[in-house]
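Here is the structure we will look at, set down as structure tokens.
The values are calculated or read from the model by the stated rules, or taken from the named source; none is laboratory data. Just so we're clear, the structure is a prediction, and the values are computed from it rather than from any experiment. When we count neighbours, we look across all protein chains shown, and the Cβ atoms used for this are built from the backbone with ideal geometry, even at glycine. In case anyone asks, the SASA skips ligands and DNA or RNA and just uses the protein heavy atoms, side chains included. Shrake-Rupley method; radii C 1.70, N 1.55, O 1.52, S 1.80 Å.
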Amino acid sequence: MSNFKEDRNVIACKKGQQFVMEGAPTNGLFFMYNGKAKVLKTGIYGKEQILRFVTNGEIIGHRGFGVREKYSISAVALENSVLCNFTDETLKKMLTEIPKLTYDLMLFYAYELNITESKVKAIAQMTVREKVIDTLLYVNRKFGSNYKGMLDLVLSRKEIAAFAGTTDEQVTRTLSALKKEDLIFTQGKRIGIVDVGQLQKEISEHNYFLNS
């Protein structure tokens with residue numbers, strides 16, 4: 001069996017650096033070894049739409065692997081990060097020689113499809129307030145919080161809007177309302193959740209990010 005560790009490319013990215021460009025020729029999959037990134041698409045009139053956030057152990061570029069010649073997404077480091085890249089050619093060899101990897105990847109794709117379908121349905125039925133709450137809970141579950149209780153991912157209001165599918169102004173108004181209701185607290189761009197359970201109750205009928 002081949003030693004695929006020798007075939008990997010290790011890439012160091014600084015905060016704000018784009019390492020996958022939408023429309024560029026595909027160059028395999030990227031594995032986040034250490035760091036955080038956002039995966040996005042360019043929407044109507046060039047507006048940024050964030051599809052998901054990525055942290056340690058997760059992959060980027062998998063939806064284009066084997067079926068597309070160009071990336072359909074972009075990816076940008078949210079902090080100084082280290083990634084591993086395996087080219088399409090190397091990945092095909094890995095999947096041929098390691099059956100368990102092929103099986104695990106199949107399960108991963110099935111899970112991703114289920115999550116995507118559920119998200120489309122839930123987001124279509126949510127109010128602006130629910131979308132913002134849903135985003136905060138997603139970030140809290142994925143990245144946790146620091147010793148001060150702040151979410152361990154700093155996002156601008158624009159980035160929250162780009163993920164929630166709303167506008168900067170609506171995000172600002174919603175966060176102000178949540179703060180007045182003592183459901184969150186803020187310190188600059190950082191946001192902390194006072195009562196996760198209370199926020200979950202507000203979107204419980206959608207039951208999407210609560211358990212996924």
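Could you give me D for region 16-139, from Stokes-Einstein at 25 °C and 0.890 mPa s, where the hydrodynamic radius is the Kirkwood radius over C-alpha pairs? Units µm² s⁻¹, please.
155 µm²/s
Report in % the part of the accessible area of region 143-202 that belongs to carbon and sulfur, leaving out ligands and nucleic acids; probe 1.4 Å.
Ligands and nucleic acids excluded, carbon and sulfur give 47 percent.
Please identify the helices of the chain, taking whole runs of DSSP H, that span at least 20 Å along their own axis as judged from the Cα atoms and have a mean Kyte-Doolittle score of 0.0 or higher.
Answer set is 99-125.
Please report the accessible area of residue 126 (heavy atoms, 1.4 Å probe, ligands and nucleic acids excluded) in Å², nearest 10.
20 Å²
Let me know the longest stretch in the chain that avoids all trypsin sites (Lys or Arg not before Pro) found in a DSSP loop with at most 16 other C-beta atoms within 10 Å.
69-147
Any idea of the accessible area per residue across region 1-156, 1.4 Å probe, to the nearest Å²?
With all protein chains present, region 1-156 gives 57 Å² per residue.
Which of these, 56, 114, 27, has the largest mean-square fluctuation under a Gaussian network model of the chain (Cα springs below 10 Å)?
Most flexible of the set in this elastic network: 114.
Among the listed pairs 41/100; 131/189; 47/201; 14/142, which have their C-alpha atoms separated by more than 28 angstrom in this model?
41/100; 47/201
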